[in-house]
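Laboratory data are not the source of any read-out in this text; all were calculated from the coordinates shown. If you're wondering where the values come from, they're calculated on a predicted model, not measured in any experiment. Ideal geometry is used to build each Cβ from the backbone, glycine not excepted, and the neighbour counts take in all protein chains shown.
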Amino acid sequence: MSDITADMQVREELLMQAWMRADKSAMRTFLRGDFTMIVGTKPAQLLDRPSFLEACQTRFRCDGFRFGEAYGRQHKKLAWFAAGVELEMQLAGREWKGAFWLADLWRKSAFGGWKLCERSLSLAEDDERFSQAVERLQLWK
């Protein structure tokens, strides 16, 4: 595991723990103001930072996670982190768990250090109810 992979995995684990605690304040410290998350449902759905932070409080909960093999690569002030992750989540009152693919893009700033810019979370899921549930989390609609 490269140094950047190990460094990013520590940040990833702290962020996931904050999500499990529904600790909005701690999560804010990891997410850039322009953070977006794409959830690999069919059709895929996008969450912006306010939508994700609000949903993590009640409607999009993480109950457990375990990272598998991780990959990291740094490009100047950007770092890419990708890993398989076993997740146990609740989405709109429904259990959603299994093997997911997580791909995150982090950016390092002069003030505040590394912040998460983009997250892609995907599971091959044919049930459109999950996509519809994520879409209802979007505050701009």
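Size check on the stretch 68-141: the Cα extents along the three principal axes, sorted descending, read 40, 33, 16 Å. Put simply, the amide H of Gln138, placed in the peptide plane, has no neighbours under 5 Å, leaving out anything fewer than 5 places away on its chain.
Distance from the C-alpha centroid of the stretch 8-38 to that of the stretch 53-84: 8 Å, rounded to the whole angstrom. Taking θ as phi - 60° and the Karplus parameters 6.51, -1.76 and 1.60, the scalar couplings of the stretch 76-84 work out to 6, 8, 10, 9, 9, 10, 9, 7, x Hz in sequence order, x denoting glycine and proline.
Pairs of Cα atoms nearer than 8 Å and 6+ residues apart set the relative contact order; for the chain it is 27 percent.
Run the numbers for Glu128 and Ala26: contour at 0.36 nm per residue of separation, minus the present Cα-Cα distance, in nm. Don't skip to the answer; put the middle values down first.
On the way: separation 102, 0.36 × 102 = 36.72 nm, distance 3.14 nm.
Extra length available between Glu128 and Ala26 comes to 33.6 nm.
A straight Cα-to-Cα reach below 24 Å connects Lys24 with the lysines Lys97, Lys108, Lys115, Lys141, residues fewer than 8 places away in its own chain not being considered. Compared with the dominant Cα axis of the chain, that is its longest principal axis, helix 3-20 is turned about 30°. Within straight-line reach of Lys76, meaning a Cα separation under 18 Å, sit the following aspartates and glutamates at least 8 residues removed in sequence or on another chain: Asp3, Asp7, Asp104, Glu118.
Normalised radius of gyration (Cα atoms, divided by 2.2 N^0.38 Å) for the stretch 1-124: 0.99. For the stretch 1-64, the convex hull drawn through the C-alpha positions has a volume of 112 cubic angstrom per residue.
Sites listed here are chymotrypsin sites (Phe, Trp or Tyr not before Pro) in the stretch 95-141 whose DSSP assignment is loop and whose Cβ has at most 13 other Cβ atoms within 10 Å: Phe111, Trp140.
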